[in-house]
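Enquirer: After the structure tokens below, expect a handful of questions from me.
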Amino acid sequence: MRQLLFATALAVLAVPAAAQEPPARGQHREGMGQGMGQGMMGGGILRSVLNFAPDALLKHAEHLNLTSDQVSQLTALKEESQKAVQQAHEPARAAHMSLNQALKDTPDDTTAIRGYFRAHQEAESNMQWLRASAAFRARALLTADQRKMIEAMGAEPGKHGH
């Protein structure tokens with residue numbers, strides 16, 4: 001158990017520092033946005049939810065024939081959710097730094113390391129939930145036909161523009 005915990009903690013620390021920073025406004029990095037579902041949820045579930053992320057829908061505004069009201073609501077939702085995710089990033093970054101420090105200072109204190117590891121995972125999970133929640137809210141702004149178009153685009157690799 002101790003070796004597994006230590007190996008898992010090291011794997012978290014192996015992520016480059018740049019990957020711990022949120023992406024620039026309007027951008028995705030591997031592991032976030034469209035590609036994010038490949039981790040915890042096996043690729044399908046979270047990815048299909050995030051196909052409805054406000055920024056993804058706005059990229060397809062013309063194809064979806066979004067109304068000006070839908071564009072306004074999606075833009076506001078995008079800005080709101082990006083701000084919330086950026087704020088939620090700070091606890092994840094702080095937990096990552098604490099975990100890194102504990103591994104350097106007291107690598108045998110698996111109880112402390114486990115606590116920092118869990119704090120980091122909880123903060124990361126919170127950021128994922130914020131993104132998914134925004135996608136659920138964005139999906140609700142679409143008509144049934146628009147939802148079907150996004151679902152079809154997500155089912156065809158390379159067809160969703162990401």
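Enquirer: According to the Kirkwood expression over distinct Cα-Cα pairs, how big is the hydrodynamic radius of the range 59-124, in Å?
Expert: Value: 14.4 Å, from the Cα pair sum.
Enquirer: Shifting gears a bit: Report the calculated FRET efficiency for Ser133 and Asp108 (r = Cβ-Cβ distance, R0 = 35 Å), to the nearest 0.05.
Expert: 0.35
Enquirer: Regarding the range 71-162, what whole-number volume in Å³ per residue does the convex hull of its Cα atoms give?
Expert: On the way: hull volume 11.3 nm³, N = 92.
Roughly 123 Å³ of hull volume per residue.
Enquirer: Another one. Starting from the Cα-Cα distance between Glu79 and Ala144, subtract it from 0.36 nm times their residue separation and give me the gain in nm to one decimal.
Expert: Here the segment from Glu79 to Ala144 would lengthen by 21.0 nm.
Enquirer: Measure off 7 Å from each Cα along the Cα-to-Cβ vector at Glu90 and Glu122, then give the distance between these two points in nanometres to one decimal.
Expert: About 1.8 nm separates the two model spin labels.
All of the numbers you see were taken from the coordinates with simple rules; none came from a lab. In this text the structure is predicted, and so the values were computed from the model without any measurement. Virtual Cβ from ideal backbone geometry, glycine too; neighbours counted across all protein chains shown.
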